[in-house]
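Just below is one structure, and these are the notes that go with it.
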Amino acid sequence: MNRIDTRGMSCPQPVLMTKKAIDKSTEALEILAGDNTAKNNIKRFLESKGFSVEIEETNEEFLLKATK
């Protein structure tokens with residue numbers, strides 16, 4: 001499983017990193033996001049590419065688990 005840490009980055013960087021990861025492989029992904037804006041943008045992007053997304057919130061950070 002590919003894991004991406006986008007905490008501390010402002011948009012659109014988290015979405016661009018996610019896009020780069022799914023361009024290399026369509027395996028399951030885990031993406032760490034540090035705020036609601038990044039979480040929502042990444043989730044929308046992944047769903048538009050056919051991924052199913054589960055979100056876990058811990059200490060004001062988010063772990064998005066994406067699978068096809």
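The values are calculated or read from the model by the stated rules, or taken from the named source; none is laboratory data. Worth saying up front: this structure is predicted, and the values here are computed from it rather than measured. Note that each Cβ is placed from the backbone with ideal geometry, even for glycine, and that neighbours are counted across all protein chains shown.
From the list T26, T37, exactly one residue is surrounded by fewer than 17 Cβ atoms within 10 Å (Cβ to Cβ) and in contact with a Cys (Cβ under 9 Å, 6 or more places away or on another chain). Which is it? Show your work before the answer.
Numbers: T26 fails: in contact with a Cys (Cβ under 9 Å, 6 or more places away or on another chain).
Testing whether each residue is surrounded by fewer than 17 Cβ atoms within 10 Å (Cβ to Cβ) and in contact with a Cys (Cβ under 9 Å, 6 or more places away or on another chain) leaves just T37.
Look through the stretch 10-22, keep the residues that are hydrophobic (A, V, I, L, M, F, W, C) and at pLDDT below 95, and return whichever of them is surrounded by the fewest Cβ atoms within 10 Å (Cβ to Cβ).
Here is the first cut: in the stretch 10-22, the ones hydrophobic (A, V, I, L, M, F, W, C) are 11, 15-17, 21-22.
If we keep only those that are at pLDDT below 95 as well, we get 11, 21-22.
Values: C11: 14, A21: 17, I22: 19.
Among those that are hydrophobic (A, V, I, L, M, F, W, C) and at pLDDT below 95, it is C11.
Mind checking whether some residue in the stretch 49-66 is at positive phi and not small (G, A, S)? If you could, list the steps in order and put the result at the bottom.
Filtering the stretch 49-66 for residues at positive phi gives 50, 59-60.
Within this subset, residues satisfying the condition of being not small (G, A, S) are 59-60.
For the stretch 49-66, residues at positive phi and not small (G, A, S): present.
Are any residues in the stretch 1-49 outside any helix (DSSP H, G or I) and of a type in the set (K, R), and if so, which ones? Write out each step before concluding.
Taking the stretch 1-49 first, the residues outside any helix (DSSP H, G or I) are 1-12, 25-35, 49.
Result: R3, R7, K49.
Quickly run through the stretch 16-44 and pick out the residues that are closer than 17 Å to E57 by Cα and among the aliphatic types (A, V, I, L, M).
L29, I31, L32, A33, A38, I42 - these are the residues of the stretch 16-44 that are closer than 17 Å to E57 by Cα and among the aliphatic types (A, V, I, L, M).
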